Amino acid sequence: MNYNLPFIPERPAKPRVSGITMVMDKGLSITEAENLVNVSGEYIDLLKLGFGTSLVTPNIKEKIKLYQKAGLKPYLGGTLFEIFIIRGLFDEFIKFVDSLGLNLVEVSDGSMELDNDTKCEYISKLSKKFTVISEVGSKKADVHIPDDEWVAMMKNELQAGSWKVIAEARESGNVGIYKSDHSANTALIDDIIRNVKIDNVLWEAPIKSQQVWFIKQLGANVNLGNIAPSEVIPLETLRLGLRGDTFFTFLPENLKQK
Amino acid sequence: MNYNLPFIPERPAKPRVSGITMVMDKGLSITEAENLVNVSGEYIDLLKLGFGTSLVTPNIKEKIKLYQKAGLKPYLGGTLFEIFIIRGLFDEFIKFVDSLGLNLVEVSDGSMELDNDTKCEYISKLSKKFTVISEVGSKKADVHIPDDEWVAMMKNELQAGSWKVIAEARESGNVGIYKSDHSANTALIDDIIRNVKIDNVLWEAPIKSQQVWFIKQLGANVNLGNIAPSEVIPLETLRLGLRGDTFFTFLPENLKQK
Amino acid sequence: MNYNLPFIPERPAKPRVSGITMVMDKGLSITEAENLVNVSGEYIDLLKLGFGTSLVTPNIKEKIKLYQKAGLKPYLGGTLFEIFIIRGLFDEFIKFVDSLGLNLVEVSDGSMELDNDTKCEYISKLSKKFTVISEVGSKKADVHIPDDEWVAMMKNELQAGSWKVIAEARESGNVGIYKSDHSANTALIDDIIRNVKIDNVLWEAPIKSQQVWFIKQLGANVNLGNIAPSEVIPLETLRLGLRGDTFFTFLPENLKQK
């Protein structure tokens, strides 16, 4: 902070286990990646190379090294895992991850169907060698997963070796833990909170109103993901009560108006 | 202009008192700030470091100097003023502004309530030392301020020492002078226009349709604010009749079709 | 591709006659233009300097050279053609294009009315000296052009010398070939497909759902335009089946689930 103010929530230093911010890179150039780490590198924990962008982005290894050197953990978006798996290329996936020098992998079943036991086997195998995060929820609006299944899958995947489980929302923020109008699916989220250790969950929250909702519900150090590069600094102000939306959230009662 | 065309409205040179464009910086890196001033510096008058971003942006003094050197007037968004005031830290606010080398300050009550007399005292005190702009209107959609109060507050604040008064719209453009569907609250805006000198008002207009509406109502040199960095050049084309939306606006009658 | 996967559609190399991506530059700085060509230059064929931005962007010649050197074909958005034409300055338009060193021009009547014969004369004259693309459709939501007229105009303009005809959608993607809710106007599009050689049509598709719709209808190598600079890499993944939305589109039947 450039000035010490009272009543600002404390944020843990890196490497963080809570208060994590995961950013989605949809194809930044090397210079744009440099801009990102220069201005907000200290606030970013995880850096997702979204869906299959890593296959078509030039200089991908150079970009990955740049992120790692700046203390970010880059990884391939789960859709790329599924792109290899649907083609029966699990070993090739591992080779590709290795060739890029990545230490973190994501396992998901948002685009294809994967029964949870098989998914957990992948998680288990990969967790011998990499840090694994796994994502629960479908990208398709018409796939309905009952709330108790969400909870059961999250527990299974953490047990199988996932470091964190991600609650799916897409880049557009209108499926999974959100309704089609982008508002929170509170019944599902409550169920997850009651049953899964909260530090182990990373909530995709691409839209400001969603970020505000989670910060008000679960505090400054909630784990949030699918943040656009240009929204990292704004998110950090939300976490610290430095924006209109969370202006009163962290103030003591006697300073709250009305 | 890279080519001299007839029927293009004249734009005053800097420092402008009308035709002002205020840009919101939500956390640009130094290089991104350089890009901004290189391509559109001559079209930007005021540069707002949005809400509390100046507290969490690294190299903030360097960025401020870069903007000032390029002829822009950077200042802290009004929410930061309120963040200090709600904590009872008015003197500390002045010290912080001084330490950053800023010459312009914003006074607002968009997040907290401040009776207008107290607000005008702050404006009066600050105007001894800085150029002051003050913002009227709440960020909250459920706070209704009657039109005659808007007008009275704007007049009071100009009297107290504000150089310009800003009509609040948020970054999202759906409160204050706009309805929840982003369209103009014409009754309120008409009341303001009839009662306040128009050059003294700066209209927040983050959305293109709002910019178009004001340019058609009040001309090429209306003061507009909360413009995104990437929208400065497009706004300039709207002001000059160089985009579809204002294609006919500045043409003589004999060139207008139908 | 950074890894060779099976069942990835083939993309033609530049200079392409199909599978074209047209990007809209609304006022990038030189450095931002460099970022763009560095990361996605090989995927971009046409680079539109949107509406009248080329008149107010500094260093426009330098930017044009940068794009040309990187193998992109920059040109002035059609609105600028109309801005000259409505003022009776056709010869001056040609001089301006020449002075910028451009080889491609766009002829359109999206903002002003131009009877199709006159438009075709402009196309014919310009095609003696430049490659011409022409745009069909009005930017105004309340102008209804019957489907058979769309088709007739496209045929006329190709005959008159247009290299490609563009189907208008605006930057906002809610007019012409789209309905006001951004969904495809399928009756019109079907009519065009049935009657015009598909490689000769470039569909404006600024919104992801529109890009997905065209790729599913017309394949990986459909010509798409009005793509935002930051969406070129994501669009390339859609074309290649490397994103959730087109995950199954190019897979053989035996790999498709359900």
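The values are calculated or read from the model by the stated rules, or taken from the named source; none is laboratory data. What you see is a predicted model; the values in this text were computed from it and never measured. Here Cβ is always computed from backbone atoms with ideal geometry, including for glycine, and neighbour counts include all displayed protein chains. We work out accessible area using only protein heavy atoms, side chains counted, and drop any ligands, DNA or RNA first. Shrake-Rupley method; radii C 1.70, N 1.55, O 1.52, S 1.80 Å.
Just a few scattered comments:
- Once the 1.4 Å probe is applied to the protein heavy atoms, the protein assembly as shown comes out at 38 Å² accessible per residue.
- Alpha carbon centroid spacing (whole Å) that separates the range A:110-127 from the range A:135-197: 16 Å
- 11 Å beta-carbon shell around A:P6, net charge (K/R +1, D/E -1): 0
- Chain B - convex hull of alpha carbons, volume per residue in Å³: 128 Å³
- Antiparallel DSSP beta bridges within the protein assembly as shown, percent to nearest 5: 5 percent
- Cβ neighbours within 10 Å from other chains - mean over B:47-53: 5
- Cut-off under 5 Å, modelled amide H: who pairs with C:E135 long-range: C:V107, C:S108, C:D109, C:I166
- Surface/4 estimate of mean projected area, convex hull on alpha-carbon atoms of the range C:187-258, nm²: 5.6 nm²
- Other-chain or far-sequence residues with amide H under 5 Å of A:G225's (modelled H): A:M22, A:W203, A:E204, A:A205
- Loop-located GluC sites (Glu not before Pro) in the range C:1-92 (DSSP state other than H, G, I, E, B) with a sparse environment of at most 14 neighbouring Cβ atoms within 10 Å: C:E10.
- Cα convex hull of the range B:115-248, projected area averaged across orientations, nm²: 8.3 nm²
- Residue with peak Gaussian network fluctuation, chain C [Cα springs, cutoff 10 Å], from C:K179, C:K139, C:K63: C:K179
- Phi angles of the range A:5-15 translate, via the Karplus equation with coefficients 6.51, -1.76, 1.60 and θ = phi - 60°, into HN-Hα couplings of 10, x, 6, 9, x, 7, 10, x, 7, 6, x Hz per residue; Gly and Pro are given as x.
- Surface composition of the protein assembly as shown: carbon and sulfur atoms hold 48% of the protein heavy-atom accessible area at a 1.4 Å probe.
- Within the range B:148-172: backbone nitrogen closer than 19 Å to the B:D190 label point (7 Å, Cα to C-beta): B:148-152
- Rounded to the nearest 10 degrees, the inclination of helix C:147-160 to the longest alpha-carbon principal axis of chain C is 70 degrees.
- Taking θ as phi - 60° and the Karplus parameters 6.51, -1.76 and 1.60, the scalar couplings of the range A:216-221 work out to 5, 6, 10, x, 4, 9 Hz in sequence order, x denoting glycine and proline.
- Within chain A, DSSP assigns beta bridges of which about 5% are antiparallel (rounded to the nearest 5).
- Part-to-part distance (alpha-carbon centres) for the range B:11-37 and the range C:14-32, which is given in Å: 26 Å
- Extending 7 Å from Cα along the Cβ direction at B:K216 and again at B:F248 yields two label points whose distance is 1.0 nm.
- For the range C:107-175, the spread of Cα positions along each principal axis, largest first, Å: 34, 23, 18
- Nearest-ten-degree value, helix C:186-195 long axis tilted from longest Cα axis of chain C: 80 degrees
- For the range A:20-73, chymotrypsin sites (Phe, Trp or Tyr not before Pro) are listed when DSSP marks them as loop and at most 11 other Cβ atoms sit within 10 Å of their Cβ; the list is empty.
- The HN-Hα couplings worked out from phi for the range B:109-119 by the Karplus form 6.51 cos²θ - 1.76 cosθ + 1.60 (θ = phi - 60°) are 9, x, 9, 10, 8, 9, 5, 5, 5, 4, 4 Hz, whole numbers, x standing for Gly and Pro.
- Contact surface A-C: accessible area buried, both sides summed, square angstrom, 1.4 angstrom probe: 2600 Å²
- Compactness relative to 2.2 N^0.38 Å, alpha carbon Rg of the protein assembly as shown: 0.97
- Shielding value for C:240-250 is 6, the average number of Cβ atoms from other chains within 10 Å of each residue's Cβ.
- Proximal aspartates and glutamates relative to B:K139, as straight alpha-carbon distance under 14 Å, when same-chain residues fewer than 8 apart are discounted: A:D245, B:E82, B:D109, B:E113, B:E168, B:E171, B:E204
- Note on the range A:21-255: dipole from Cβ charges, positive end direction compared against A:V143, A:L89, A:I207; the farthest Cα belongs to A:L89.
- Whole-number percent relative contact order across chain B, with pairs defined as alpha carbons under 8 Å at least 6 apart: 20 percent
- Out-of-range pairs (alpha-carbon distance over 27 Å; input C:K65/C:K125; A:K216/B:K73; A:K256/B:K208; A:K129/C:K208; B:K48/C:K208; A:K95/C:K208): A:K216/B:K73; A:K256/B:K208; A:K129/C:K208; B:K48/C:K208; A:K95/C:K208
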